[in-house]
Amino acid sequence: EMCIRDRQSTGTQAQLESLSALEPREKDFWICTYLKSGTTLTSELVKLAMGKSVEDNTLAVAPWVEVAEQVPMVGLPAAVANGIPADEKSGLRFWKSHWTPDRHLASNGKNKFIYVHRDGLDVCISLFHHIRGFPLYNYSGDLNDFFEKFMKGETDFGSWFDHTAKWLRRVKENKGDVLSLSFRTLVGADGAQEREAEVRKLVDFIGLGGDGGDERVARMLDEARFEQMKARGLLFDKLRSADATPFLRGGRVGDGRRELSAEQIARFEAKCKEVFADDLASFKWAATPATSAE
């Protein structure tokens, strides 16, 4: 069984040096998340905000330059990505990232960052199915085994706790270059009005809230619903085992509290209090039953 820790790394020196080929521009935005926390959904939203077709490849709209060598099927070398022209109408470019801000291009003074956070219990469940479905991981452990790895940070891109704490500190610096969004709000678990407000925050942050902003938001709300995205399929699905769950599996809120034991949930919450202290209130996490994204 393959070790599933840091297969794609949290930012080696070689990877950082390769990213130096990516020349930062004023209208460059990084969509930054831990795995299974809304990366694809947010990429879909910005794609729609720019007026592109739902059929356009989301990975082409927000290329994943960090893993070009490790996963060439889905990664794009920085030198190649740098030659991609900005969106003709908006002048925007987007990149996808699972790195922490301290291993990032977060200090170049030009780029801005869209950080999406999700309840770690739900991330654990989603990541478990994610890893079980890709043959390259060769992982056959059960959920109890995976939970222990998740708690220790022995998964792709390292610890969820570390990743979340570092991004939270970056958000709290309040430099105006990071927008923090909630996964649960984006999938509609907080209601239609909250979902629309979250999408509007995104549109305003990337500078498309002016003329035609209402129409953009309406289209994003309509066409970036989880079930529609799932029905359209993704390149990632072609890399998964034939009997695996789809790459976009459920888009639900509350699965972690439904599928994990009371003891496991208590351990997770105790570690959250230890790591995040009083900052936990910054996140819209709630002990609610499993909720549909619709």
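Tabulated values for the structure
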| read-out | value |
| --- | --- |
| Tally, over segment 95-110, of residues that are out of contact with any Ser or Thr (no Cβ under 8 Å at 6 or more places or on another chain) and open to solvent by 10 Å² or more (accessible area, probe 1.4 Å) | 8 |
| Any hit, segment 73-84, residues being in contact with a Leu (Cβ under 9 Å, 6 or more places away or on another chain), in a loop (DSSP other than H, G, I, E, B) and at pLDDT 85 or above | no |
| Subset of segment 240-275 [open to solvent by 20 Å² or more (accessible area, probe 1.4 Å), among the aliphatic types (A, V, I, L, M) and at pLDDT 90 or above] | Ala262, Ile265, Ala266, Ala270, Val275 |
| Residue match in segment 103-111 (condition: within 24 Å of Met50 (Cβ to Cβ) and in contact with a helix residue (DSSP H, G or I) (Cβ under 8 Å, 6 or more places away or on another chain)) | yes |
| Set Val171, Val203, Val199: member being touching a strand residue (DSSP E or B) at 6+ places or on another chain (Cβ under 7 Å) and hydrophobic (A, V, I, L, M, F, W, C) | Val171 |
| Checklist (1) modelled with pLDDT under 85; (2) more than 29 Å from Glu173 (Cα to Cα); (3) open to solvent by less than 20 Å² (accessible area, probe 1.4 Å) applied to Leu136, failing item | (3) |
| Given (1) open to solvent by less than 40 Å² (accessible area, probe 1.4 Å); (2) at pLDDT below 85; (3) over 30 Å from Val253 (Cα atoms); (4) assigned to a loop (DSSP other than H, G, I, E, B), index of the condition Gln70 fails | (1) |
| Close pairs (8 angstrom Cβ cut-off, 6 or more residues apart or separate chains): farther than 16 Å from Ser97 by Cα and in a helix (DSSP H, G or I) in segment 116-129, among the small types (Gly, Ala, Ser) and at pLDDT below 90 anywhere | Asp122/Gly254; Ser126/Gly250; His129/Ala244 |
| Selection count, segment 112-133, where residues are open to solvent by 10 Å² or more (accessible area, probe 1.4 Å), over 15 Å from the mean Cα position of the chain (by Cα) and not aromatic (Phe, Trp, Tyr) | 3 |
| Selection status of Asp162, of a type in the set (Asp, Glu), touching a residue at least 60 places away in the same chain (Cβ under 8 Å) and over 21 Å from Glu269 (Cβ atoms) | no |
| All helices (runs of 4 or more DSSP H) inside segment 141-232 with 3 or more residues being open to solvent by 60 Å² or more (accessible area, probe 1.4 Å) and of a type outside the set (Asp, Glu) | 192-205, 226-232 |
| Complete set of residues in segment 93-108 that are in contact (Cβ under 8 Å) with a residue 12 or more places away in the chain, out of contact with any Leu (no Cβ under 8 Å at 6 or more places or on another chain) and assigned to a loop (DSSP other than H, G, I, E, B) | Trp99, Thr100, His104, Ala106, Asn108 |
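The values are calculated or read from the model by the stated rules, or taken from the named source; none is laboratory data. This is a predicted model, so every value here is computed, not measured. With ideal geometry, Cβ positions are generated from the backbone for all residues, glycine too; neighbour counts draw on all protein chains shown. Just so you know, the surface numbers come from the protein's heavy atoms only, side chains and all, with ligands and any DNA or RNA stripped out. Shrake-Rupley method; radii C 1.70, N 1.55, O 1.52, S 1.80 Å.
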